[in-house]
Amino acid sequence: MRPHRSKDRHYPAKTAFVREQLRGGRRASELANQLYREGTHSIQIVLIFHQATGASIADLTAFGRWWGRSGVTDAHAFDEWAREVFGDPPRLR
């Protein structure tokens with residue numbers, strides 16, 4: 001039998017922060033930009049959002065349409081997609 005693993009196995013503090021901020025109504029684009037400015041790589045951001053919301057990796061990688069060298073390129077479109085895949089209000093794990 002495999003040992004039990006926490007759903008927040010990778011980046012637990014950042015996952016808890018994102019979950020708390022989404023619960024408080026903060027926009028996904030703001031959170032993604034903040035994590036990126038703090039040095040979190042885009043693939044890590046995908047994993048953090050996956051752990052926080054349960055959204056599929058495929059849905060989360062679609063955020064790449066609105067991502068550039070300095071973070072989110074179209075906050076409105078990014079946040080619209082976040083509402084689609086996270087729910088409104090967001091379904092959190």
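Given a 1.4 Å probe, how much area per residue of the chain is accessible, in Å²? Provide the component values of the computation, followed by the final result.
Details: 5780 Å² over 93 residues.
Result: 62 Å² of accessible area for each residue.
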### Task
Return the calculated 222 nm mean residue ellipticity for the chain, to the nearest 500 deg cm²/dmol, obtained by summing -39500 (n - 2.57) across DSSP H runs with n ≥ 4 and dividing by the residue count.
-16000 deg cm²/dmol
### Environment charge at residue 88 (Cβ cut-off 15 Å; Lys +1, Arg +1, Asp -1, Glu -1)
+1
### Query
Roughly how tilted is helix 75-86, in degrees to the nearest 10 and between 0 and 90, from the longest Cα axis of the chain?
30 degrees
### Task
Net charge near residue 53: determine it from the other residues with C-beta under 9 Å of the C-beta of residue 53, scoring Lys and Arg +1 and Asp and Glu -1.
+3
### Query
Given Cα pairs under 8 Å that are at least 6 residues apart, what percent is the relative contact order of the chain?
32 percent
### Task
Could you work out the local net charge near residue 41, counting Lys and Arg as +1, Asp and Glu as -1, over the other residues with Cβ closer than 15 Å to its Cβ?
+2
### Summary
By the mean-Cβ-within-10 Å protection proxy, highest first, 14-24, 36-46 rank as 14-24, 36-46
### Query
In terms of modelled amide H atoms, which long-range or inter-chain residues lie less than 5 Å from the amide H of residue 54?
93
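From largest to smallest, what semi-axes in whole angstrom does the chain give when each is the square root of 5 times an eigenvalue of its alpha carbon gyration tensor?
21, 15, 12
The values are calculated or read from the model by the stated rules, or taken from the named source; none is laboratory data. The structure displayed is predicted, hence computed values, not measured ones. All Cβ positions, even for glycine, are placed from backbone atoms using ideal geometry, and neighbour counts span all protein chains on display. In case anyone asks, the SASA skips ligands and DNA or RNA and just uses the protein heavy atoms, side chains included. Shrake-Rupley method; radii C 1.70, N 1.55, O 1.52, S 1.80 Å.
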